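Enquirer: Got a structure here, written out as structure tokens. Questions coming.
The values are calculated or read from the model by the stated rules, or taken from the named source; none is laboratory data. Note that this is a predicted model, so its numbers are computed, not measured. Don't worry about glycine lacking a Cβ; one is built from the backbone with ideal geometry, like all the others, and counts go over all protein chains shown. Accessible surface is based on the protein model in full, side chains and every heavy atom, while ligands, DNA and RNA are left aside. Shrake-Rupley method; radii C 1.70, N 1.55, O 1.52, S 1.80 Å.
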Amino acid sequence: QVQVAESGGGLVQPGGSLRLSCTASGNIAIITAVRWFRQAPGKQREWVATITRAGSTTYTDSVKGRFTVSGNAKDTVYLQMNTLKPEDTAVYYCRADGRNTYWGQGTQVTVSS
């Protein structure tokens, strides 16, 4: 089993920055990739970024050049979010992938003046 927890959300003005953290515990040796998702009010959950154990990263088009995922894709992964926009407002979730998928509880990010 793997337990996942996100932290670092909050309220930020447009153009500002936040760094989210995703911490995994338990049987972390089985994790092969960590992915970030987000869900805005009234919308479906969408994939944001991925980092693999090998260090490969991929991003959805809307965050390329603004968000950076880093970490060891094992016990700690970060999502650095710069130049935030109101449309980035959502609950952000971390998911650890191994034999199964393991979700965190989410952290709220609100971008507003």
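Enquirer: Report, by residue number, each residue of segment 1-56 that is of a type in the set (Val, Ile, Thr), touching a helix residue (DSSP H, G or I) at 6+ places or on another chain (Cβ under 8 Å) and at pLDDT 95 or above.
Expert: The first filter runs over segment 1-56 and keeps only residues of a type in the set (Val, Ile, Thr), leaving 2, 4, 12, 23, 28, 30-32, 34, 48, 50-52.
Keeping just the survivors that are touching a helix residue (DSSP H, G or I) at 6+ places or on another chain (Cβ under 8 Å) gives 2, 48.
The answer is Val48, and nothing else.
Enquirer: Here is a follow-up. Please specify each residue of segment 2-26 satisfying the condition of being open to solvent by 50 Å² or more (accessible area, probe 1.4 Å), under 12 Å from Tyr102 (Cα atoms) and either in contact (Cβ under 8 Å) with a residue 40 or more places away in the chain or touching an Asp or Glu at 6+ places or on another chain (Cβ under 9 Å) (or both).
Expert: Passing the criteria: Gln3, Thr23, Ser25.
Enquirer: From the set of residues in segment 27-51 that are within 23 Å of Asp75 (Cα to Cα) and over 13 Å from the mean Cα position of the chain (by Cα), which is surrounded by the fewest Cβ atoms within 10 Å (Cβ to Cβ)?
Expert: Ala29
Enquirer: Please tell me if Thr76 is open to solvent by 30 Å² or more (accessible area, probe 1.4 Å) and β-branched (Val, Ile, Thr).
Expert: Details: open to solvent by 30 Å² or more (accessible area, probe 1.4 Å): yes; β-branched (Val, Ile, Thr): yes.
Taking the combined requirement at face value, the residue satisfies it.
Enquirer: Within segment 6-59, which residues are part of a loop (DSSP other than H, G, I, E, B) and touching a Phe, Trp or Tyr at 6+ places or on another chain (Cβ under 6 Å)?
Expert: Our first condition is that a residue be part of a loop (DSSP other than H, G, I, E, B); within segment 6-59, this holds for 8-9, 13-17, 27, 31-32, 40-45, 53-56.
Correct list: Arg45 only.
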